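First up is the structure itself, then whatever we jot down about it.
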Amino acid sequence: MKSLLSISFLGLVLITTSLPASAGQVTGKRGSTASGTGAVVPNSQGGYVGTGNGTVMGVNGGSANGQFKFKTNGQGSGSYNGSGTATTKNGNTYTGTTNGSASYNQTSGYSGQNTTTVNGNAYSTTTGNGTTSVTTPSGSRSFTNPRK
């Protein structure tokens, strides 16, 4: 189910970035539907602000909906957040949120953090200085990128 929620968030990102200030709806071959609205506008920092929301209705009774926002500053930094709910055809409901930020510069490279919570279980990642730390309800682990 986590993957369904992730797909919903991914869909919202695609809707947000591909439908500037517009709305759309598609229907699948077997009758499932997806609809959403989104807008991306320039901001005063030289970056962009985007928002989007969407709904997916499965042909067998499952559904998902959510919303997403992001902001970039035109200087290599950005932040985002979103939330959504997915319901299976059996009536199981999964609610999630995600938020994070990232930046890149030529001196220090990439750094970023994300926290995604699904039904109260938090999953987070932090990346900086060549190391990525991942924390899940089962524990934490760090990975170091090999230097060339």
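The values are calculated or read from the model by the stated rules, or taken from the named source; none is laboratory data. Everything numeric here is computed off the predicted structure, so don't read it as measured data. All Cβ positions, even for glycine, are placed from backbone atoms using ideal geometry, and neighbour counts span all protein chains on display. Just so you know, the surface numbers come from the protein's heavy atoms only, side chains and all, with ligands and any DNA or RNA stripped out. Shrake-Rupley method; radii C 1.70, N 1.55, O 1.52, S 1.80 Å.
Restricting attention to the range 126-141, the residues being open to solvent by 50 Å² or more (accessible area, probe 1.4 Å), at pLDDT 95 or above and polar (S, T, N, Q) number 4. Please determine whether any residue of the range 114-121 is closer than 23 Å to Ala23 by Cα, open to solvent by 70 Å² or more (accessible area, probe 1.4 Å) and in contact with a Gly (Cβ under 8 Å, 6 or more places away or on another chain). Within the range 114-121, none of the residues are closer than 23 Å to Ala23 by Cα, open to solvent by 70 Å² or more (accessible area, probe 1.4 Å) and in contact with a Gly (Cβ under 8 Å, 6 or more places away or on another chain).
Residues of the range 40-69 that are open to solvent by 30 Å² or more (accessible area, probe 1.4 Å), closer than 25 Å to Thr95 by Cα and of a type in the set (A, V, I, L, M): Val49, Val56, Met57, Val59.
Considered as a group, the residues in the range 61-76 that are of a type in the set (S, T, N, Q) and within 16 Å of the chain's Cα centre (by Cα) include one that is nearest to Gly100 (Cα to Cα), and that residue is Thr72. Within the range 90-105, how many residues turn out to be open to solvent by 50 Å² or more (accessible area, probe 1.4 Å) and under 21 Å from Gly78 (Cα atoms)? The number of residues fulfilling the criteria is 4.
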